[in-house]
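The values are calculated or read from the model by the stated rules, or taken from the named source; none is laboratory data. Keep in mind that what you see is a predicted model, and the values were worked out from it rather than measured. Ideal geometry is used to build each Cβ from the backbone, glycine not excepted, and the neighbour counts take in all protein chains shown. When the accessible area is computed, the model is the full protein with side chains, heavy atoms only, and any ligands, DNA or RNA have been set aside. Shrake-Rupley method; radii C 1.70, N 1.55, O 1.52, S 1.80 Å.
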Amino acid sequence: MDPMKLINKRNILFIFFSVLGLLIFRTPLREVVRLALYERLYAHMILVPFVSAYFLFLKRREIGSQADYSFKAGIILSIIGILLFWVEEKNGLGLSQSSHLSLAVLSAFIFWIGGFVLFYGVKAFNIAAFPLLFLLFMVPIPGRALETAVYLLTCGSLKRPMDFLS
């Protein structure tokens, strides 16, 4: 593929938008990286953006052929992401620290998806839906939900395999 085709206005704008998102959401994203590196339950998160990027790379021609700016949808999603982050940061919403981080990362995800829709359009988003939504695996599960899931799985695994027949 011709390297000059990758360097177009749309891609450059999206890169600048992504850098802006990294600056705005640097604190929660730094915490996600820390979790991924040091917490066993979150080790998968470090691989998620690379897997997503690979799948996006595989669909790059389809995405490029359907790319079109979608100002209304993209700006609305990006503003929702920023507002969600701002409200959560200013008010705290009475959430635990892990829920706070989950909401902050989810707001970064919404902001970034908004940027993708803004610069590549809704049709391109539909083509890239799986790789983009796969990024949701980077949102840490809130502590209470994780504890409940682990408890339920542990209770289920403690039953003997043949107990369900009796």
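Please count how many residues of the stretch 93-118 are open to solvent by less than 80 Å² (accessible area, probe 1.4 Å), more than 23 Å from ALA53 (Cα to Cα) and of a type in the set (S, T, N, Q).
So the answer is 3.
Could you list, in sequence order, the residues of the stretch 119-138 that are open to solvent by 30 Å² or more (accessible area, probe 1.4 Å) and of a type in the set (Phe, Trp, Tyr)?
Within the stretch 119-138, PHE125, PHE130, PHE134, PHE137 meet the criteria.
Within the stretch 41-62, does at least one residue satisfy the condition of being free of Cβ contacts under 8 Å to residues at least 12 places away in the same chain, crowded, with 16+ Cβ neighbours inside 10 Å and either more than 16 Å from ILE113 (Cα to Cα) or out of contact with any Cys (no Cβ under 9 Å at 6 or more places or on another chain) (or both)?
no
What helices (runs of 4 or more DSSP H) lie completely within the stretch 82-166 and have 3 or more residues being at pLDDT 95 or above?
Details: elements: 97-127, 129-134, 143-158.
Answer list for the stretch 82-166: 97-127, 129-134.
Output the residues belonging to the stretch 74-92 that are open to solvent by 50 Å² or more (accessible area, probe 1.4 Å) and in contact (Cβ under 8 Å) with a residue 40 or more places away in the chain.
Once the filter is applied, which keeps residues that are open to solvent by 50 Å² or more (accessible area, probe 1.4 Å) and in contact (Cβ under 8 Å) with a residue 40 or more places away in the chain, the stretch 74-92 yields ILE75, LEU77, ILE82.
Between residues in the stretch 125-136 that are within 15 Å of GLY115 (Cβ to Cβ) and residues that are part of a helix (DSSP H, G or I) and β-branched (Val, Ile, Thr), which pairs lie under 7 Å by C-beta distance while being six or more apart or on different chains?
PHE125/VAL117; ALA128/ILE63; LEU132/ILE113; LEU135/VAL48
Please specify each residue of the stretch 89-128 satisfying the condition of being within 13 Å of VAL139 (Cα to Cα) and in contact with an Asp or Glu (Cβ under 9 Å, 6 or more places away or on another chain).
Within the stretch 89-128, HIS100, LEU101, LEU103, ALA104, VAL105, SER107 qualify.
For the stretch 81-103, check the following and say yes or no: at least one residue is under 17 Å from the mean Cα position of the chain (by Cα) and within 27 Å of ASN8 (Cα to Cα).
yes
So, GLY21, is that one among the small types (Gly, Ala, Ser) and either closer than 20 Å to ILE113 by Cβ or at pLDDT 95 or above (or both) or not?
Criteria met by GLY21.
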